[in-house]
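Inspection log for the structure reproduced underneath, given as structure tokens.
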2 protein chains.
Amino acid sequence: MARHEETTVENTYRIAVMGGTGPQGKGLGYRFAKHGHAVVLGSRAAEKAQAAADEVNARLDGGGVTGAANADACAEADVVLLAVPYDGHDELVASLPLAGKTVISCVNPLAFDKQGPHGRVIDGGEGSAAESAQRIAPDATVVGAFHHVSAKNLWAEEEFLDHEDVLVCGDSAEGKAVVVELARCVTGRAGIDAGRLRLARQLEPLTAVLISINKAYKTQSGIRISGV
Amino acid sequence: MARHEETTVENTYRIAVMGGTGPQGKGLGYRFAKHGHAVVLGSRAAEKAQAAADEVNARLDGGGVTGAANADACAEADVVLLAVPYDGHDELVASLPLAGKTVISCVNPLAFDKQGPHGRVIDGGEGSAAESAQRIAPDATVVGAFHHVSAKNLWAEEEFLDHEDVLVCGDSAEGKAVVVELARCVTGRAGIDAGRLRLARQLEPLTAVLISINKAYKTQSGIRISGV
């Protein structure tokens, strides 16, 4: 696979962000809108979503980002980003019209105790949020990605998060291709094909490691893959 | 924590490598010996261990690396590196004299099927090889590290694997400090404190992601942490 050589097809998507008022969802929505995609931020309450959209539009100097209740935001979208907490995730996914859409999960099922963060065990260690979404929405194409990009950096001024890589896992080559390209909005580079959807079991809780590093080094750490 | 500013205390360790005839063990043993540590490669059969030691010494232009049966190799060591396959891991650990020693686990419990590599589920998702070693050898100080460095790169000519980071997890600050310093032999930089020992649950199977990337991109990928 030639990561740096592919002809860039500049597809423009209608992207709905579930959890669009949270830092990860709002930050990714901002980056997608900045690069020409039509973004709708979703939230449980339409007016909260609209307030987040106004905030993004102010950053973009008028960007046309809109806000809507989650399911309404999905209705017209080609691509749906799940950027919601893991608590309530399954119920939310079940309530959304996702059939036929590319669904990106950046959900990180984490738990915290006095030892710090760690991965939550899903389906006895043989599952992940992304796999749950695929099971609940079998007619969607679920792809795992954007788990590790720092929300703080997403909302910052720098043009690209060029010290970070977006790892993309999924069972559909077409679905992964869409997300590998969308990663360019964030890092300025294609995302990295990280294998099958079940590797979300590894990617999701890796965020616990980054949070630990952030605490120890007082930084915003990210993942970069060398050799690609 | 000041990763680049600490005064380097040049401790020299007696390091025993369990699984010293495998590519990861032999490669790490080579790097440790190259930087002045006294290395004994261990294997089930002493003569196989000695053959691997001869091979390392040839690379080092005479390095004093020796070979011995696993338990004999451990006897005089300050630091024991577990670089063995996960099958048989627990039995091996139980057979070794590890009390009072710093034990580094780079064991990657992986499984492979037609979908490629994935992490093996240990203790229903609430365990890891490193945690198993700590439970079996409660008087040792177990640290997880060196899971992701490419065996091929370890054995190559380049002075340092400076595009890779060594992630170090453990519950003992002293144990982690030893390993954070030993990482310099491999990458030329201090290792990164990645948090508590239980985060080995996240670090060990991440190797499945790197193997998937290696296959897709025909490369030797590695992990680099940005922002540290």
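The values are calculated or read from the model by the stated rules, or taken from the named source; none is laboratory data. Note that the structure is predicted; figures quoted are calculated from it, not measured. For neighbour counting, all protein chains shown are included, and Cβ atoms are generated from backbone atoms with ideal geometry for every residue, glycine included. To get the accessible areas, we keep the full protein, side chains included, count just its heavy atoms, and leave off ligands, DNA and RNA. Shrake-Rupley method; radii C 1.70, N 1.55, O 1.52, S 1.80 Å.
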Hey, any hits in region A:181-188 for a residue that's open to solvent by less than 10 Å² (accessible area, probe 1.4 Å), within 12 Å of another protein chain (Cβ to nearest Cβ), closer than 22 Å to A:ALA33 by Cα and modelled with pLDDT under 95?
-> no
If you scan region A:157-168, which residues turn out to be under 25 Å from A:ALA77 (Cβ atoms) and more than 8 Å from chain B (Cβ to nearest Cβ)?
-> A:PHE160, A:LEU161, A:VAL166, A:VAL168
Does B:LYS101 satisfy being out of contact with any Lys or Arg (no Cβ under 7 Å at 6 or more places or on another chain) and more than 19 Å from B:PRO138 (Cα to Cα)?
-> no
How many residues does region B:120-151 contain that are surrounded by fewer than 17 Cβ atoms within 10 Å (Cβ to Cβ), away from chain A (no Cβ under 14 Å) and in a loop (DSSP other than H, G, I, E, B)?
-> 2
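Pull up region B:165-180, narrow it to residues that are charged (D, E, K, R) and open to solvent by 10 Å² or more (accessible area, probe 1.4 Å), then point me to the one that is nearest to B:ASN57 (Cα to Cα).
Step one: filter region B:165-180 for residues charged (D, E, K, R), giving B:165, B:171, B:174, B:176.
Next cut, open to solvent by 10 Å² or more (accessible area, probe 1.4 Å) only: B:171, B:174, B:176.
Working: B:ASP171: 34, B:GLU174: 30, B:LYS176: 28 Å.
Here the residue is B:LYS176.
How many residues are in a strand (DSSP E or B), small (Gly, Ala, Ser) and closer than 18 Å to B:GLY127 by Cα if we restrict to region B:79-117?
Here is the first cut: in region B:79-117, the ones in a strand (DSSP E or B) are B:79-82, B:102-105, B:110-113, B:116-117.
Now narrow it down to the ones that are small (Gly, Ala, Ser): B:105, B:111, B:116.
Subsequent filtering for residues that are closer than 18 Å to B:GLY127 by Cα retains B:105, B:111.
Number satisfying all stated conditions: 2.
Out of region B:177-222, which residues are in contact (Cβ under 8 Å) with a residue 12 or more places away in the chain, under 30 Å from A:ALA173 (Cβ atoms) and more than 15 Å from the chain's Cα centre (by Cα)?
Of the residues in region B:177-222, the ones in contact (Cβ under 8 Å) with a residue 12 or more places away in the chain are B:178-201, B:203-208, B:210-212, B:215, B:220-222.
So of that shortlist, the ones also under 30 Å from A:ALA173 (Cβ atoms) come out as B:201, B:203-208, B:210-212, B:215, B:220-222.
Passing the criteria: B:ARG201, B:ALA208, B:LEU210, B:ILE211, B:SER212, B:LYS215, B:GLN220, B:SER221.
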For region B:198-228, enumerate the residues that are within 9 Å of chain A (Cβ to nearest Cβ) and among the aliphatic types (A, V, I, L, M).
-> B:LEU199, B:LEU203, B:LEU206, B:ALA208, B:VAL209, B:LEU210, B:ILE211, B:ILE213, B:ALA216, B:ILE223, B:ILE225, B:VAL228
Filter region A:93-114 for residues that are out of contact with any helix residue (DSSP H, G or I) (no Cβ under 7 Å at 6 or more places or on another chain) and within 14 Å of chain B (Cβ to nearest Cβ); which is farthest from A:ARG201 (Cα to Cα)?
-> A:LYS114
